[in-house]
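Report on the following structure.
The values are calculated or read from the model by the stated rules, or taken from the named source; none is laboratory data. Nothing here was measured: the structure is a model prediction, and the numbers come from that model. Reconstructed Cβ throughout: ideal geometry from the backbone, glycine too, with neighbour counts over all protein chains shown.
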Amino acid sequence: MTTRWFKLSLMEQMANIGSEVYRAIKWQKKDLTDSKKSFYRALELFNFTLSDPKNRQRLKEVSRAKELFSSWYLGNSPYRQSAEEWERYFFQFNLACRLHT
Amino acid sequence: MKLINKTISLTEIIKMSKNQYGNLVKVVVDIDKKVMVIDGELHADEEALLIQEGSRQSSLWGINLYPDKYGSTDFIEFDSMINLRPSQNNLSRGVDDTNTQEQIRQIVNTLVIK
């Protein structure tokens, strides 16, 4: 997966992470097991993104997003965040990738 | 990644889901050709395959199938990065048009057999 992942632009990587974030949030209300699976996948994709050599100069936002999303999802964030804000944040990457389609 | 133009069993989808994401498989459906590609790592890969096979991008929609929710409305999840298409006025990751949703449901229900 990493070989395939590294071929994506950072924007595409973040948009794909956003898909898992969206699923983790959506399933929180309906099926916690499915929600956790999506959460763990999001973490895995965050880690792939952080290990991508081409992202070396742009790690700060990715690592902060990972930390803040993880702590929010696990319920121990000191910051006020909401599901809507997380969805909005990742949606921008999706939009940027698909603007010309 | 597999192109489905006849049928695929739920058992095979369950096996695919365990090898990939654990609880779901990614699918892209062509609503004109009434075929789908399943089991790609990314919807974008499945989209690319269908376009190579002659599909028009505007006919392609990304969904996720949850095989353990077969028979319920949660079996099909209308969500994919590739669905966001400003040019077609689809401004979310879902499938905004309910007629298109219904077309996708019918194609999936025809191609996936228990």
**Request:** Considering each residue of the range A:24-40, count those that are within 12 Å of A:Tyr73 (Cβ to Cβ) and of a type in the set (D, E, K, R), and give that number.
**Result:** 1
**Message:** Against the definition (within 14 Å of chain A (Cβ to nearest Cβ), more than 21 Å from A:Glu20 (Cβ to Cβ) and out of contact with any Phe, Trp or Tyr (no Cβ under 7 Å at 6 or more places or on another chain)), how does B:Leu42 come out, yes or no?
**Reply:** no
**Request:** With the checklist (1) surrounded by 20 or more Cβ atoms within 10 Å (Cβ to Cβ); (2) over 14 Å from the mean Cα position of the chain (by Cα) in hand, flag the one item B:His43 doesn't pass.
**Result:** (2)
**Item:** Candidate set from the range A:70-101 (those that are more than 11 Å from every other protein chain (Cβ to nearest Cβ) and of a type in the set (A, V, I, L, M, F, W, C)); member that is surrounded by the fewest Cβ atoms within 10 Å (Cβ to Cβ)
**Value:** A:Leu74
**Request:** Quickly run through the range A:21-65 and pick out the residues that are touching a residue at least 40 places away in the same chain (Cβ under 8 Å) and among the basic types (Lys, Arg).
**Result:** A:Lys54, A:Arg58
**Message:** Anything in the range B:78-102 that is at the interface with chain A (Cβ under 8 Å from one of its Cβ atoms) and closer than 24 Å to B:Ser17 by Cα? List them, or say none.
**Reply:** B:Asp79, B:Ser80, B:Met81, B:Ile82, B:Arg93
**Message:** Against the condition in contact with an Asp or Glu (Cβ under 9 Å, 6 or more places away or on another chain) and touching a residue at least 24 places away in the same chain (Cβ under 8 Å), how does A:Ile17 come out, does it pass?
**Reply:** no
**Message:** Residue under question is A:Glu61, and the condition is that it be more than 13 Å from chain B (Cβ to nearest Cβ), in a helix (DSSP H, G or I) and loosely packed, with under 12 Cβ neighbours inside 10 Å; does it hold?
**Reply:** yes
**Item:** Boolean, A:Phe48 is among the hydrophobic types (A, V, I, L, M, F, W, C), closer than 20 Å to B:Ile63 by Cα and surrounded by 14 or more Cβ atoms within 10 Å (Cβ to Cβ)
**Value:** no
**Prompt:** Can you name the residue in the range B:66-95 that is under 16 Å from B:Ile31 (Cβ atoms), hydrophobic (A, V, I, L, M, F, W, C) and not in a loop (DSSP other than H, G, I, E, B) and is also nearest to the chain's Cα centre (by Cα) among such residues?
**Reply:** B:Ile76
**Failed condition for B:Ile14, given (1) aliphatic (A, V, I, L, M); (2) out of contact with any Pro (no Cβ under 8 Å at 6 or more places or on another chain); (3) not in a strand (DSSP E or B)** = (2)
**Item:** Residues that are within 20 Å of A:Ser38 (Cα to Cα), touching a strand residue (DSSP E or B) at 6+ places or on another chain (Cβ under 6 Å) and not charged (D, E, K, R), drawn from the range B:24-54
**Value:** B:Leu24, B:Val25, B:Val27, B:Val28, B:Ile38, B:Gly40, B:His43
**Item:** Answer residue from the range B:17-34, given it is more than 10 Å from every other protein chain (Cβ to nearest Cβ) and crowded, with 18+ Cβ neighbours inside 10 Å and is modelled with the lowest pLDDT among those
**Value:** B:Ser17
